[in-house]
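As structure tokens, the structure follows; a few thoughts come after it.
Every number in this text was worked out from the coordinates using simple rules, so none of it is lab data. Remember, it's a predicted structure, so these values are computed and weren't measured experimentally. FYI the Cβ positions are ideal-geometry reconstructions off the backbone, even for glycines, and counts take in every protein chain you see.
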Amino acid sequence: MGLAAQTLPTNTPGLLYAVAYVLSAIVTASLVGARPEFTWRRALGNLAGAAFITLVMWLTGGVQGFAFAAVMGCVAIVVVLLLALNLADATLRRALYYFPLAFLLGEVAASLTWQLYYFAVDVGLVAATTLMLVVFCAVTFAAVFGAAWLVGKRVMGRPANMHIHKADVAHMLAILAGTYLLANASYLLRSTPFSSTHTMETYIVRTVTEFGGIAVLLAVHLAKKSVAETFENQMLRQAMEQQYANYQVSEESVALVNQKYHDLKHQIAILKAGGAGSSEMLAGLDQIERSVKQYEAENKTGNHVLDTILTAKSLTCQGRGIEFKAVADGEAIGFMDDADVAALFGNIIDNAIEAVEKVGEGERLITLSVSRQKGFLRIREENRCVGTPTIRDGVPVTTKRDRRYHGFGTKSIRQTAEKYQGDAHFTAEDGWFRVSILIPVPAA
């Protein structure tokens, strides 16, 4: 050990850990979910948590043994609270699930900073000054958290239906406990097979072990994420197949209904041609005939699949007291597969019907427009709704209790739009829910 390094404490300063824990909690929260809106309450909570960790780590810099364990327990609780505060859809279970990753990331950032600084001072590369420590801290933190951000954006995103069980939390906490004890054995107990008496060796063991713990945590999370994504894809495929199956059933039903209407129209014409009946009866026949013609005109868009869906959904709306208005250019969607048309419009209208049924009678309204504008297919649907649905990650959050098996209709809508290099946008305000889809029309 160099003479300069002898003046440095062998334990990493607590202030380094304090800053690292706070930054790690914020970075981890931003990686695993949509960031929540800014509020002064959340901002003050972050400041209070940062101040508490900083004060505790500063005042307890020299404690060891059981006292050290108690201090780190208090710090861990605050890190969990910081995570919960910064997660968009925070629950205690979810915060506990991601806490081990945030905690070890902070550990790595602080320990690596001190290890590099201690080595540089030991070999005489830099002087042991506060300014130099700040420089090492800034550079190393930027590298560690920057790398964590780049890697995390690729692997940490979670499917919306990824359900975190108690066992998942227990597994993550167990990995953290084992990693932390092994990494800090040299600080807690000097006479173990995993302890080191050499300062630099102690730093290396701690940093490498904590890196390994992060790798194990990521591997466990990726395995869980893969299972959740497979399940989500299966559910989306089933949702699309179900809509196409519904379309095929509706096609047969609508064909039968149209045949009956066609027969009825001719029967009306025969009755009128016979001249029998009173003027009131003839007026009634005229009214029925106008209704039949209006019905036929409303459902001839130029696309057979869309015609069938609109007719079937119109009948559903009539039976439930819902006013359904559709103005559609069926030829504009001619480039889309029949199964995609059935899934897209089936999900759009089914979701609208479900939402409108919760609205009071007399206000149940759904409007749909399909048109081609300047080389783009534009689909717009509006319906009345109760309250303001929550939009997260670009799609509405299902109000069903078990989210694992619901909410796939809107995801299917967005997936179908993206299949054709388009985009689906969902908004909700002032008692209205709107779906806007824009898809580039391919060249002929």
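Things worth noting here:
- Remark: the Arg41-Ala138 segment gains 32.1 nm on full extension, using 0.36 nm per residue and subtracting the alpha carbon distance.
- For the stretch 299-444, the number of Lys pairs separated by eight or more positions or lying on different chains, with C-alpha atoms closer than 26 Å, is 16.
- Space enclosed by the convex hull of the alpha-carbon atoms of the stretch 82-142, per residue, Å³: 81
- For Asp423, Asp430, order by how many other beta-carbon atoms lie within 10 Å, fewest first: Asp430, Asp423
- Averaging the sequence gap over all C-alpha pairs within less than 8 Å and six or more residues apart, then dividing by the number of residues, gives the stretch 299-444 a relative contact order of 22 percent.
- A straight chain from Lys166 to Val220 at 0.36 nm per residue would run longer than the Cα-Cα distance by 18.0 nm.
- Spacing of the modelled spin labels on Ala443 and Glu363, each 7 Å from Cα toward Cβ, amounts to 5.0 nm.
- Calculated P(r) of the stretch 299-444 - Cα pairs past 20 Å, %: 46
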